[in-house]
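Some notes on the structure that comes next.
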Amino acid sequence: MPASLRAAISVAMLAGFYLLGLVQLAVVGVLLYAIWTHAHGHGPGAAKLSYLLVIGVGAAVAGLWRAMRAKPGAPGGLLVTPDQAPALWQQIHELAGEMGTRGPDEIRLIPDVNAGVTEETKLLGLIPGRRILVLGLPLLQALSVDQLRAVIGHELGHYSGAHTRLGAIAYRGRLAMHGTVDEVSAWNVFGWAFRAYAWLYRLVSTAVGRDKEYEADRAAVRVAGPAAAISALREVEATELAWNFYFGRYVEYGLELGYAPDDLFGGFGQLYAARTDELAEFRDNPPEHETSRWDTHPSLADRTAAMRDAPVVDRTADDRRATVLVPDAAALGLALQREVVDFGRRTVLPWPDFTAAATTLRVQGQADRVFRAVARRTGVAQPGLAEVLGLVENGKLGEVAAEFFPNATRREAAGKFVVVMDTLIELAAVRSGLARWQHSWSGPARLVGTDGEPVDYSEIAKLAVAKESVDEARARLAETGIRVEAVQVMAARATATGADVLGAMPNAKVDGGHADVILLDEGLVFVPCPKDTDDGEKRIAALLAHHSPAELAARYRYVAYEDVETARIDRQVPLNATLLLHGGRTVTVQERWTSDRVGKSDDVFREILAEIRNKGDR
């Protein structure tokens with residue numbers, strides 16, 4: 001489809017959405033005139049009908065007006081000048097020249113696995129404006145020069161195809177549609193027309209968007225060649241996988257525990273270089289992604305197939321890392337970190353110390369889970385490894401171990417507890433100053449002694465879980481210099497640190513009060529909410545967008561699953577359940593007929609209740 005026709009369709013459909021609002025206003029005006037001109041006596045029925053019409057169309061038009069006034073924000077990130085990266089700027093301008101288009105006026109580094117272009121045009125895109133290219137620093141760290149050429153060529157293809165001319169208008173149009181639909185109640189008849197039109201626009205615009213991506217891909221092939229363009233697509237996906245792995249496995253938990261690494265982006269570069277085998281496996285066997293009519297980008301398979309059909313371009317290969325285009329990529333990474341990352345009051349540490357500190361607290365959290373179970377059974381206020389060994393000596397380890405191995409008998413659970421005991425002993429070694437967790441980019445952190453060599457306490461752990469050999473384990477620990485009293489509970493109450501969200505049940509009743517229930521893999525968060533059952537899903541989405549599960553659990557009422565002895569379902573639909581806590585207290589959770597539904601969260605809650613019941617029936 002030609003760019004001019006695409007532009008005409010976009011402008012026409014966006015104008016049609018605004019026209020729809022004007023038509024509805026006109027219709028209401030005509031109806032009001034008819035009501036007050038022809039209604040006999042201007043009775044209460046006419047007044048009520050007029051009120052409903054005005055309220056209905058007013059809500060729709062107000063949402064439309066607010067969305068119309070919104071403007072796209074300026075691209076963030078770190079501004080990179082030609083003096084800072086002359087080779088990168090030269091490369092981009094050469095590509096723009098090959099494509100016969102004007103290059104960007106600004107280049108900005110962003111902290112995402114992404115690249116994009118914007119253009120600040122005027123008069124419905126008739127007057128070109130300032131062009132900005134944003135480029136993810138992780139891409140610079142991961143791609144080769146050839147692959148980066150393909151990525152930048154793709155983005156410049158959006159310029160040469162005039163795809164950005166109507167960017168601001170399209171942004172406002174999408175915002176107007178989504179804003180209006182979100183603002184209007186599902187029961188407002190004036191909103192129905194807006195919803196239907198927004199559905200149609202989304203259907204058309206996503207199809208047009210996929211067309212644009214194919215056109216930009218052809219531009220990438222033209223300036224970089226099919227091989228580089230195809231490998232760039234795969235490498236971008238591999239980079240995104242690595243970036244998510246990096247944050248999930250190396251960064252996030254430490255941030256939750258109050259620490260931060262001193263070189264966030266430099267760390268990713270080192271991990272990418274160290275995980276070559278895993279990344280190669282991913283490139284050779286990329287996951288298959290399902291696509292639908294709502295996807296703005298074609299599938300990777302479809303894009304790759306289209307690129308293979310393009311004419312072969314004869315170019316000299318350049319497999320150097322793309323960071324060669326930036327004289328001091330490490331300094332830019334630190335500058336980007338200062339520009340876009342706010343670590344707050346977290347303690348900033350070099351990577352080796354960050355990993356050691358974060359891992360120590362993570363393992364302490366695992367140990368605290370054990371110690372809290374010990375406290376419930378012994379009444380000891382500050383239990384630690386010494387009390388766990390005492391349970392072994394008294395033949396009662398199975399009572400605690402059964403909580404961690406719900407499908408085993410108490411005798412079996414006591415034997416399986418050796419893995420947990422090993423973790424407790426490792427923590428004791430760290431707290432005794434005999435060991436620390438050593439950072440590694442190629443694998444998980446290793447426990448090493450003061451000489452830097454790996455240490456292994458698994459044999460002592462095997463002795464420590466058996467009544468007949470626990471004394472020998474104590475003696476071995478003392479000989480090694482590990483003090484069992486060095487490890488005690490730090491968090492006497494369960495927290496949601498490191499927890500993930502499984503679902504949510506808005507507008508429930510909890511112990512008779514109104515609350516949104518957020519389902520975590522570690523427990524339930526009860527957030528007080530209005531009695532009105534509207535907008536529950538939006539309310540929860542806003543909460544989760546601005547707060548981590550740990551923050552929500554600290555701020556609102558939190559019931560960890562470890563604190564629940566058993567549970568029962570009092571009614572299946574709507575779901576009513578009672579949680580019996582250790583100590584005898586109960587918590588009742590009741591769905592309401594009129595509550596919002598977030599996916600299949602009620603089924604998730606049923607599964608949680610079943611697991612709790614199985615634990616209690618053991």
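Projecting the Cα atoms of Ala445, Ala317, Ala413 onto the charge dipole of segment 292-445, computed from C-beta unit charges around the Cα centre, puts Ala413 farthest toward the positive end. When the charge dipole of segment 465-512 is built from unit charges on Cβ atoms (+1 for Lys and Arg, -1 for Asp and Glu) and taken about the Cα centre, the candidate among Thr480, Ala499, Ser469 whose Cα reaches farthest toward its positive end is Ala499. The apolar share of the surface of segment 547-618, taken as the fraction of accessible area on carbon and sulfur atoms (1.4 Å probe, ligands and nucleic acids excluded), comes to 47 percent. Solvent-accessible surface of segment 262-410, taken per residue with a 1.4 Å probe and all protein chains present: 55 Å².
From the Cα gyration tensor of segment 309-468, with a ≥ b ≥ c the square roots of its eigenvalues, which class applies: rounded if a/c is under 1.5, or else prolate if a/b is larger than b/c, or else oblate? It comes out prolate by the Cα gyration axes.
By the gyration tensor of its Cα atoms, with a ≥ b ≥ c the square roots of the eigenvalues, what is the shape of segment 196-333: rounded for a/c under 1.5, prolate for a/b over b/c, or oblate? Write out the running numbers ahead of the final one.
Values: a/c = 2.11, a/b = 1.31, b/c = 1.60.
Oblate, since a/c reaches 1.5 and b/c is not below a/b.
Just check segment 399-440 against the gyration tensor rule for me: Cα atoms, a ≥ b ≥ c as the square roots of the eigenvalues, rounded for a/c under 1.5, and otherwise prolate or oblate depending on whether a/b exceeds b/c. Don't skip to the answer; put the middle values down first.
Working: a/c = 4.14, a/b = 2.68, b/c = 1.55.
Prolate, since a/c reaches 1.5 and a/b exceeds b/c.
If you count, for each residue, the other Cβ atoms within 10 Å and average over each peptide, how do 255-261, 448-454 line up from highest to lowest?
Numbers: 255-261: 19.9, 448-454: 10.4.
Going by the mean number of other Cβ atoms within 10 Å, highest first, we get 255-261, 448-454.
Surface composition of segment 347-415: carbon plus sulfur atoms contribute 50% of the solvent-accessible area (1.4 Å probe, protein chains only, all chains present).
Express in whole angstrom the spacing between the alpha-carbon centres of segment 342-377 and segment 500-561. Centre-to-centre (Cα) distance: 25 Å.
Taking the highest mean first, how do the peptides 314-325, 92-103 order by number of other beta carbon atoms within 10 angstrom per residue?
Working: 314-325: 13.9, 92-103: 16.6.
Top to bottom by mean Cβ count within 10 Å: 92-103, 314-325.
Over 24 Å between Cα atoms, which of Lys531/Lys600; Lys212/Lys538; Lys416/Lys600; Lys509/Lys600 qualify? Result: Lys212/Lys538; Lys416/Lys600 exceed 24 Å.
Ranked by the mean number of other Cβ atoms within 10 Å of their residues, highest first, the peptides 478-488, 541-551, 144-154 come out as 144-154, 478-488, 541-551. In this Cβ point-charge picture (+1 for Lys and Arg, -1 for Asp and Glu), segment 293-414 has a dipole of about 460 debye about its Cα centre.
The values are calculated or read from the model by the stated rules, or taken from the named source; none is laboratory data. These figures come from a predicted structure and were not determined experimentally. Heads up, the Cβs are rebuilt from the backbone with ideal geometry, glycines too, and the neighbour counts pull from every protein chain shown. Calculation scope for accessible area: heavy atoms of the full protein, side chains included, ligands and nucleic acids excluded. Shrake-Rupley method; radii C 1.70, N 1.55, O 1.52, S 1.80 Å.
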